1. Specify the residue that is surrounded by the most Cβ atoms within 10 Å (Cβ to Cβ); the eligible residues are those in region 191-228 that are more than 20 Å from GLN137 (Cβ to Cβ) and among the polar types (S, T, N, Q).
2. Among residues belonging to region 54-82 that are among the hydrophobic types (A, V, I, L, M, F, W, C) and more than 17 Å from the chain's Cα centre (by Cα), point out the one that is farthest from VAL248 (Cα to Cα).
3. Can you name the number of the only condition in (1) touching a residue at least 60 places away in the same chain (Cβ under 8 Å); (2) under 17 Å from ALA23 (Cα atoms) that LEU228 fails?
4. So which residues in region 1-33 are open to solvent by 20 Å² or more (accessible area, probe 1.4 Å) and within 30 Å of LYS85 (Cα to Cα), if there are any at all?
5. What number goes with the only condition from (1) touching a strand residue (DSSP E or B) at 6+ places or on another chain (Cβ under 9 Å); (2) open to solvent by 10 Å² or more (accessible area, probe 1.4 Å) that VAL178 does not pass?
6. Which ones in region 237-248 are over 17 Å from PRO196 (Cα atoms) and under 17 Å from the mean Cα position of the chain (by Cα)?
7. Hey, among the residues in region 99-133 that are open to solvent by 30 Å² or more (accessible area, probe 1.4 Å) and within 18 Å of ALA163 (Cα to Cα), which one's nearest to the chain's Cα centre (by Cα)?
8. Is it true that ILE75 is at pLDDT 95 or above, farther than 29 Å from LEU239 by Cα and crowded, with 22+ Cβ neighbours inside 10 Å?
Amino acid sequence: MVSRYVPGEQIADVVEATRALVADGRLTTIDFLGEDTLDEEQAEATVTAYLELLEALNAEGLSRSAEVSVKLSAIGQALPEIGPKLSLENARRIAKAARAVGTTMTLDMEDHTTTDLTLETLRELRKDYPETGAVVQAYLRRTEDDCRALAFEGSRVRLCKGAYNEPETVAFTDRHEVDKSYVRCLKVLMAGQGYPMVASHDPRMIKIAGALATRFDRPPGSYEYQMLFGIRSEEQKRLAASGERMRVYIPYGTEWYGYLMRRLAERPSNLTFFLRSLLSQK
């Protein structure tokens, strides 16, 4: 089951997975697993892993088809006192390395308590690396306003529904309310001047995204779809074959157990989602 969603623990594993996806027209964004570190050495080790990954992708001629996704908590954000400064500097190092090999970095969003600090870090990073991508989560009540603030020219924004178990005071907890928020946010991003990244496996949201792209005269290449590695692979291929930009989020590393268990524990609906995906490649 694990290999279905995490291609392996080593750089060679994720490079091979990337090569296979790129061969049939898909792009990738790669996450070196690990988060919530309170150890400065571990944060440094995570940065080193990303730098080595980018070098390996470049050596294989894959770096322009593969970006990296980084959680600030994995590179030191939560460390007492020095966390925000350390994670910003570490993120700069990764962004610099990504640019050097012709690709980009996207800052993953975590639970709502880190949203403001993550967006602040994003603003600082974009002063030197304006190509740095943002992530927003539709289930947070604030996200429609965040989308308006981020929908400017050159801004890359990944819109996902959100996976953390958040309180009702800050997040929509009803599935239909989350869906409605996703569509509202998607409208803002598609109507804006930025580059929307539609992160969803929901067939309805994919259809709505295509309709909104048509409504707002967005040509292919001015937005993209994103899905997780191992989820709806045939739909990923279909979108890529139809001329859409299709990017696959690939997690890898030794922390795969924690990754899968957190995804299952954070929201009960995730368990059903993963079990269904095991039964079908579509």
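1. SER222
2. ILE82
3. The one condition LEU228 does not meet is (2).
4. GLU9, GLN10, ILE11, PHE32
5. (2)
6. Once the filter is applied, which keeps residues that are over 17 Å from PRO196 (Cα atoms) and under 17 Å from the mean Cα position of the chain (by Cα), region 237-248 yields nothing.
7. ASP111
8. yes
The values are calculated or read from the model by the stated rules, or taken from the named source; none is laboratory data. Small disclaimer: the values here were computed from a predicted structure and weren't measured. Here Cβ is always computed from backbone atoms with ideal geometry, including for glycine, and neighbour counts include all displayed protein chains. In case anyone asks, the SASA skips ligands and DNA or RNA and just uses the protein heavy atoms, side chains included. Shrake-Rupley method; radii C 1.70, N 1.55, O 1.52, S 1.80 Å.
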